[in-house]
Ligand SMILES: [Fe+2]
Ligand SMILES: [Fe+2]
C-alpha cells in the first residue's frame, strides 16, 4: 500500500492490483460511471482538448500534472494521503486508541450514511453545472469549470472506493444509486437540497463554488480527523483539489464585483445598460447560496452530530491543532432559539451543538472573503458594500426553518418575508437577465463584459493561453 500505480486502468495508491475482488468490482463500475459522465457531465465539450491538471502522486506540492486532455480520457484515480505519524484516534470516547483500518461493526450504519451523503454531492454538482460551458465568459473560466467538474468526478471515485472496499454488497448498491439519482429530479433527487438547486448562469456558478464547495471544505476537513483512517486519508487528499474550486469561486466573484463596480460608475448606476451585473443582484446571489449552504451543516441541535463526534467518526475543523479538550463530555454551547415568538439564548450540550461549531468556522471563513470583496469595492472608489446575511435568514432546515427572519436575523412575519423576498434573494427576473447576458467568449484572453480578467493564468501560463482548443 502506498505506491502510486498510474498505469493501471484505475490509477491508485491503494494497492488495487493486489486485491482482485475489489479491482473487479471497481472495473465493473467504471463503464457505469462513464455512461453517467457522458449523459450528465459537461454538455458539448467532451471531444475538445482542455488544459487540465491530473492527480499523479500524493506528495505535497508535486501531485499534479498539467496537459491537454479530453474529458472522457481524464484519469480518475483513487488516491489517499500517506498516513500521518500519530495513528491514534484524535477525539471522542475512543481518544488515544489506535485508528481503525476496518470499520467497527457498531459504527457501520453511521459511516455508511456519512460517506454516501458526501459522495452524493460530487456527481450532483457536475449535473448542476452541466450546461455552463456554452456560456463561459472566457477560455480561462471554461477550463476552470471543467477542472472542477472532472475533480468532482474523482471525488466520487474516492468515496465509491470506500463503499466497495468496506461495505460489501451494501456498498455496491449505494454506488449504483449514486449514479441513478439526479440533481433537481422530482422522483430521484440528490440527497441534500443545495445540490438540487438550478445553477444556470455564472453568477450562480461562482457563488456555488464559493459557498457550497466551501461547505465541502469544512465537511472534508472534519472527516479528515476521523478515527476511521482510510476515510480520513481519502478526505485529506480531496481537500488538496478542493482548494482550487474555492479559488475559482472566490476570485470569480471578486472579478464580477470589480467589474460591476466599474460599470456602475461608468453608467451612472445602471450597469444593465451595458450588459453588466448590478451589485444588488450579486448581493441577492450571496444571500441565496449562503443560506442554502448553511443548511448543509445539519441541525443546530443534533444527536447525530453528538454521536458522530463521540464515536470518533467526525471531528471538529482542525481538531488536533486547534482544540485542547478532545472529549467534550461536559460543557455547553449557547444557541439562540425561538420560544414564545422571541429569540432566547439556549444552552445546548456541547456535543449536540457540533454542527453549529463547524458552521461557526464556515461563517468566519465566508466573512474573511467578504471583507476581501469589500476591499475590492473600496479600491474602485464606489461606496456600496456587500454583507453576509444572518445565519437565521431563509433557512430550510434546522431550528430556524419554521420562522421567518430578515437579513439581520430578526424575527419577522410571513407577510414581511413575502413582501421582501424578491429584494433579498436571487429571483426569476434576475435569473432571466443573467442568462440573457451570458454569451460564450472564445477568443484567448478576451473576457465577457460583465467580468474583470483574472490576476494571472493557470499553472504560470498567460491569461491569453489557449486553455481550451475549440
Ligand atoms: Fe468535491
Ligand atoms: Fe469541489
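No other residue among 175, 221 is in contact (Cβ under 8 Å) with a residue 24 or more places away in the chain and either out of contact with any helix residue (DSSP H, G or I) (no Cβ under 7 Å at 6 or more places or on another chain) or more than 13 Å from ligand 1 (Cβ to nearest atom) (or both) apart from 175. Among the residues of region 83-108, those that are out of contact with any helix residue (DSSP H, G or I) (no Cβ under 6 Å at 6 or more places or on another chain), outside any loop (DSSP other than H, G, I, E, B) and within 26 Å of residue 330 (Cα to Cα) comprise 88, 94, 98, 100, 106, 107.
Restricting 268, 254, 213 to those that are under 26 Å from residue 432 (Cβ atoms) and not in a helix (DSSP H, G or I) reduces the list to 268. Exactly one residue among 145, 80 is within 16 Å of ligand 1 (Cβ to nearest atom), in a loop (DSSP other than H, G, I, E, B) and surrounded by 20 or more Cβ atoms within 10 Å (Cβ to Cβ), and that residue is 80. Restricting the first member to region 235-253 and to residues that are more than 11 Å from ligand 2 (Cβ to nearest atom), and the second to residues that are assigned to a helix (DSSP H, G or I), the beta-carbon pairs closer than 6 Å and six or more apart or on different chains are 235/220; 235/223; 250/210; 250/369; 252/206; 253/206; 253/210. For beta carbons closer than 6 Å, sequence separation of 6+ or different chains, a first residue in region 312-332 that is over 13 Å from residue 354 (Cα atoms) and a second that is surrounded by 13 or more Cβ atoms within 10 Å (Cβ to Cβ) and modelled with pLDDT of 95 or more, the qualifying pairs are 320/90.
Go over the candidates 137, 98, 31, 72 one by one and state the one that is away from ligand 2 (no atom under 16 Å from the Cβ), free of Cβ contacts under 8 Å to residues at least 60 places away in the same chain and within 30 Å of residue 443 (Cα to Cα).
72
Scan region 444-462 for residues that are over 12 Å from residue 135 (Cα atoms), part of a loop (DSSP other than H, G, I, E, B) and in contact (Cβ under 8 Å) with a residue 40 or more places away in the chain and report the count. So that I can check it myself, show each step before the final result.
First pass over region 444-462, keeping only residues over 12 Å from residue 135 (Cα atoms): 444-446, 449-462.
The next check asks that each one be part of a loop (DSSP other than H, G, I, E, B); those that pass are 444-446, 449-457, 461-462.
From what's left, in contact (Cβ under 8 Å) with a residue 40 or more places away in the chain: 444-446, 449-455, 457, 461.
Count: 12.
Only one of these is over 19 Å from residue 63 (Cβ atoms), away from ligand 1 (no atom under 16 Å from the Cβ) and within 25 Å of the chain's Cα centre (by Cα): 269, 252, 275. Name it. Let's see the steps before the verdict.
Working: 269 fails: within 25 Å of the chain's Cα centre (by Cα); 275 fails: within 25 Å of the chain's Cα centre (by Cα).
Of the residues listed, the single one that is over 19 Å from residue 63 (Cβ atoms), away from ligand 1 (no atom under 16 Å from the Cβ) and within 25 Å of the chain's Cα centre (by Cα) is 252.
Scanning region 333-370 for residues that are exposed (fewer than 12 other Cβ atoms within 10 Å of the Cβ), without any contact (Cβ under 8 Å) to a residue 12 or more places away in the chain and either farther than 22 Å from residue 206 by Cβ or touching a strand residue (DSSP E or B) at 6+ places or on another chain (Cβ under 8 Å) (or both) yields 339, 340, 344, 345.
Could you list, in sequence order, all residues of region 20-41 that are touching a helix residue (DSSP H, G or I) at 6+ places or on another chain (Cβ under 8 Å) and surrounded by 13 or more Cβ atoms within 10 Å (Cβ to Cβ)? Answer for region 20-41, where residues must be touching a helix residue (DSSP H, G or I) at 6+ places or on another chain (Cβ under 8 Å) and surrounded by 13 or more Cβ atoms within 10 Å (Cβ to Cβ): 22, 23, 25, 26, 29, 32, 33, 34, 36, 37, 40, 41. In the set (1) within 16 Å of ligand 1 (Cβ to nearest atom); (2) touching a residue at least 40 places away in the same chain (Cβ under 8 Å), the condition left unmet by residue 290 is number (1).
For region 200-208, state whether one or more residues are more than 14 Å from residue 434 (Cβ to Cβ) and either part of a loop (DSSP other than H, G, I, E, B) or within 14 Å of ligand 1 (Cβ to nearest atom) (or both). Before the answer, list the steps.
Taking region 200-208 and keeping what is more than 14 Å from residue 434 (Cβ to Cβ), we get none.
Checked against the condition, which is being more than 14 Å from residue 434 (Cβ to Cβ) and either part of a loop (DSSP other than H, G, I, E, B) or within 14 Å of ligand 1 (Cβ to nearest atom) (or both), region 200-208 yields no hits at all.
Of all the listed residues (172, 214), the sole one being under 30 Å from residue 99 (Cα atoms) and away from ligand 2 (no atom under 12 Å from the Cβ) is 172.
The values are calculated or read from the model by the stated rules, or taken from the named source; none is laboratory data. Keep in mind it's a predicted model, so treat the numbers as computed, not measured. Note that each Cβ is placed from the backbone with ideal geometry, even for glycine, and that neighbours are counted across all protein chains shown.
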